[in-house]
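One structure is given here, and the rest of the page talks about it.
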């Protein structure tokens, strides 16, 4: 079976090379001459060395012409037709070893010559067509390869431009958003150093609070830039642990206590056993960015309301963070999650880097969840961010309670 397969592969390769060969050499003409001579010899042997006579003996010679046309080309096929015709007339048409002299033999010889030439011409045209098709196929493949190369180069160029745009945006963010809190810190510390003895205790406390607030803001910017680098390079790994959402919320509120101190944080009572499956630290980063966004775009003294509930009919956990601020501009419900996007009504003080919600979406979607934002309603000011996460089960003791943040 293996030998048969190898023979078929060899035969296919051989005939493919011969049929699709574009140049005809003197070897091909010699091969056609030898093939025609050999075929005539076989026919002569069958005709005179066997008892049985064949009525259509010239058909064997036509096959030789056909093979010459297919394998060698139209020119060698004409040579084969001429050789077969001459040998046919000389050896097989009476009077033997001479030219045909009767009308019947002349007609028979003429029919053979015409058939041989037509066969060589048709087979040669077929081969030429096959060669042209092969050449067109080769040209088409070259065009396709060129287009693929061009497409790859364009994709690489797009990726390069996107990388340059990201670097430029980060540089712009660093030059503006990081410079502002640094300038505030330097100004406050300079005042304390120069006029420390002449500053009242209350003013000194305000300057200290200002330094801490700006330093905390600066830390948030740096954290977001580091998260962007991890997300862009795919270097962050997601743990798939069962985590109580209360624990993440408590840690996040404690970490952001200074940034949220001007707002009233309201945590709606819920089931303390509600948990998600994922990475506690990354979800804490996403939740912190959502809370920070709510604090930036809502007036001091207003509420930030946090609610947690199971999604009925789905194995998901839903978390909503609502504020009483300016709300989300109409038409920006999706673009607000874009990288470096800043809301239209954002002032320079509250604009931020435009990375927080983008990071939150990337983290939530990497967990198999979803995040959306909407206006709370015509009668209720503010925006509501809703995120969903895959739910998990926890064994909770009856003594577990929720601590509300004030």
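Points to keep in mind about this one:
- Among 304-316, 185-197, 148-160, the order from most to least packed when residues are scored by Cβ within 10 Å on average: 304-316, 185-197, 148-160
- The fewest-to-most ranking of 26, 121, 358 by surrounding Cβ atoms within 10 Å reads 26, 121, 358.
- The packing ranking of peptides 31-41, 326-336, highest mean first, is 31-41, 326-336, where packing means the average number of other beta carbon atoms within 10 angstrom of each residue.
- Segment 238-392: mean projected area of Cα convex hull, nm²: 8.9
- Over segment 175-331: Kirkwood hydrodynamic radius from C-alpha pairwise inverse distances, Å: 18.1
- Proxy reagent accessibility, fewest Cβ within 10 Å first, across 388, 380: 380, 388
- With R₀ set to 25 Å, the beta-carbon distance separating residue 200 from residue 340 gives a calculated FRET efficiency near 0.05.
- Calculated FRET efficiency, residue 63 to residue 150, Cβ-Cβ distance, R0 = 60 Å: about 0.75 to the nearest 0.05.
- Modelled spin labels at residue 183 and residue 330, positioned 7 Å past Cα toward Cβ, are 3.6 nm from each other.
All of the numbers you see were taken from the coordinates with simple rules; none came from a lab. No experiment lies behind these values; they were computed from the predicted model shown. Every residue, glycine as well, gets a Cβ built from its backbone with ideal geometry; the counts of neighbours run over all protein chains shown.
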